[in-house]
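The values are calculated or read from the model by the stated rules, or taken from the named source; none is laboratory data. Predicted, not measured: the structure shown is a model, and the values here were computed from it. Cβ: placed from backbone, ideal geometry, glycine included. Neighbour counts: every protein chain shown.
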Amino acid sequence: MSQPVQPPNQPQQPYGGQPVDGNPYAAGPGAAAPAAPATPTGNPYGDQPPAPTGNPYGDQPPASTGNPFGNPQGRPAPFAPAPPASPVRNGLALGVLVALGAAIVASILYGVLLGSIEREFGYAAIGVGFLVGFAAAKLGGANPVTIAAAAVFSVGAIYFGQLIGYAMVMSDAAQVSFSEVFLDHFDTVTRVWKEDADFMRYLFIALGAIAAIGGAKKAG
């Protein structure tokens, strides 16, 4: 009987193992299996720095409030300009001048009223004082000096207003001009005024001064 011919030597597998189940790349028995690749985690770039937060410049100082020279800590500026001083002196002088002018006008009106009705009207003295004080404080400010000046001028306005009224009555009685009686016989006019003066007349003069103070406070 003839012997079967032995096949020639099989070529050695280049990977050191025998094919398994038709897979020429599978490792043979006893060969170490190659390490399986790591399961991807979904991040193809591995560990990356955290995503930016939307501010490409990182931490920045607080936004400016619009004043390039302001103080961000809230402290007052070292060179802040001082507020301008109020014009107290100008207001005081104006108040005194207004009080004087109002007293002259009120004195003439009061005297014409007394000379026209030919009788004393004491309550009008209160109106004279109120008018002087109100006008002085309205234009010059209700400061103590202006109020005091208004009170003093109101007393003079009431006094001279009554003298004007007396001179008008005397000029009508003597049939002479008012200017002649008031200017040439002023001493006679004052003497007659003193002889007719009583408590009520002085009281209304005082009430006129009080009314000037009230008018000044009312205007202020």
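Of all the listed residues (ALA219, ALA167, ALA148), the sole one being of a type in the set (A, V, I, L, M, F, W, C), closer than 17 Å to ALA99 by Cα and in contact with a helix residue (DSSP H, G or I) (Cβ under 6 Å, 6 or more places away or on another chain) is ALA219.
Of all the residues in the stretch 101-117, those that are in contact (Cβ under 8 Å) with a residue 40 or more places away in the chain, within 17 Å of ALA211 (Cβ to Cβ) and either under 43 Å from the mean Cα position of the chain (by Cα) or surrounded by 23 or more Cβ atoms within 10 Å (Cβ to Cβ) (or both) number 6. The lone criterion from (1) closer than 26 Å to VAL96 by Cβ; (2) touching a residue at least 12 places away in the same chain (Cβ under 8 Å) left unmet by VAL189 is number (1). Considering the conditions (1) over 14 Å from TYR110 (Cα atoms); (2) in contact with a helix residue (DSSP H, G or I) (Cβ under 9 Å, 6 or more places away or on another chain); (3) polar (S, T, N, Q), GLN175 is excluded by exactly one of them, (2).
Restricting attention to the stretch 124-139, does a residue exist that is within 15 Å of ALA209 (Cβ to Cβ) and modelled with pLDDT under 90? Within the stretch 124-139, not a single residue is within 15 Å of ALA209 (Cβ to Cβ) and modelled with pLDDT under 90. In the set (1) touching a residue at least 24 places away in the same chain (Cβ under 8 Å); (2) closer than 19 Å to GLY115 by Cβ; (3) not polar (S, T, N, Q), the condition left unmet by ALA150 is number (2).
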